[in-house]
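Peer 1: Structure below; questions to follow.
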Amino acid sequence: MRKLKVPFAVLLLVFLFLISLPGHATNNSSSFITRPFSIKNKARFSAEKLYDSIGLANYGLSKKAWQYALKGYQKLVEKGRIEKSDVITICDFSLSSRQKRLFIIDLKNFGVVLSTYVAHGRKSGGEFAKKFSNRTNSHQSSLGFYITKNTYYGENGLSLRLAGIEKGFNDKALRRNIVVHGSEYAGDNFLNTNKFLGRSHGCPAVPEEEIETVVSTIKEGSCFFIYYPAKKYLTASKILNG
């Protein structure tokens, strides 16, 4: 019987086809996820698997904060509310202000762009934020999902507007001038001489030296989530429960 000779070019095409199939393993340690996140393949990317794959526990982000953030993000993407879907920002106010509790996560390459300090409102609490409000002049932080808007230069320098999209929880953010801005009371230098971070009028204030990085990464249409395990919010949020 004569042996069938298969041209090398054909073998090469077959090989390239096989390695392009979903689930093909590589030697790259970061190959757990090989495609950008999308709602179409969200079943493949469970919140828990992503939490472990990205190593979010090592950065200090609580698993609950991540699960709620990703759930809301997916809903907002499905509804077409998010223009910049490759990044999400999470402020985990279940943590002490002595900890780095603002996390910018790259949802395209699945990694942490930045983890840093963030201050809460002065009437929300001391070291820990415990009270939240949507009222003007409350000087408290507001929970829930926001969409980042444009930048401007104000009394706090470079600032990023936040549009709160949860009625009753944060929808007065623009009216209250709740923005991301830099501050000298947020960061290691301040903690060297103080027990916890200084506090804002309700704005998520970050270290002055990092404001440009934060703003340039998340501005103009990305998802911004402020988390705290408040039963009232978690059970009434239409984004999380809709």
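Peer 1: Taking θ as phi - 60°, what are the ³J(HN,Hα) couplings along region 91-98 by the Karplus curve (6.51, -1.76, 1.60), each to the nearest whole Hz, with x for Gly and Pro?
Peer 2: 9, 9, 7, 7, 9, 5, 6, 6
Peer 1: For region 163-216, I need the span (max minus min coordinate) of the C-alpha atoms along each principal axis, in Å, sorted largest to smallest.
Peer 2: Ordered largest first, region 163-216 gives principal extents of 38, 26, 14 Å.
Peer 1: Hey, if you put +1 on the Cβ of every Lys and Arg and -1 on every Asp and Glu Cβ in region 197-242, which of Tyr227, Thr213, Leu240 ends up farthest toward the positive end of that dipole?
Peer 2: Of Tyr227, Thr213, Leu240, it is Leu240.
Peer 1: Percent of Cα-Cα pairs more than 26 Å apart in region 47-241, please. Could you put the intermediate results ahead of the total?
Peer 2: Numbers: 4222 of 18915 pairs.
Across region 47-241, Cα pairs with separations above 26 Å total 22 percent.
Peer 1: Between the DSSP loop rule and a limit of at most 15 other Cβ atoms within 10 Å, which GluC sites (Glu not before Pro) in region 148-210 are left?
Peer 2: Passing sites in region 148-210 are Glu155, Glu184.
Peer 1: OK, next. Taking the Cβ of Tyr68 as the center, what net charge do the other residues with Cβ under 12 Å away carry, scoring Lys and Arg +1 and Asp and Glu -1?
Peer 2: For residues surrounding Tyr68, the net value is +3.
Peer 1: Name all residues of region 180-208 having a backbone nitrogen under 19 Å from the label point set 7 Å from the Cα of Tyr59 along its Cα→Cβ direction, giving them as ranges.
Peer 2: 180-181, 187-188, 204-208
Peer 1: On to the next question. Give me the net charge for the shell around Leu240: Cβ to Cβ below 10 angstrom, other residues only, Lys and Arg +1, Asp and Glu -1.
Peer 2: Working: positive: Lys71, Lys75, Lys238; negative: Glu166.
Around Leu240, the surrounding residues sum to +2.
Values quoted throughout were computed directly from the atomic coordinates according to the rules given, and no laboratory measurement underlies them. Given the structure is predicted, the values throughout are model-derived calculations rather than measurements. So basically every Cβ, Gly included, is an ideal-geometry build from the backbone, and we count neighbours across all protein chains shown.
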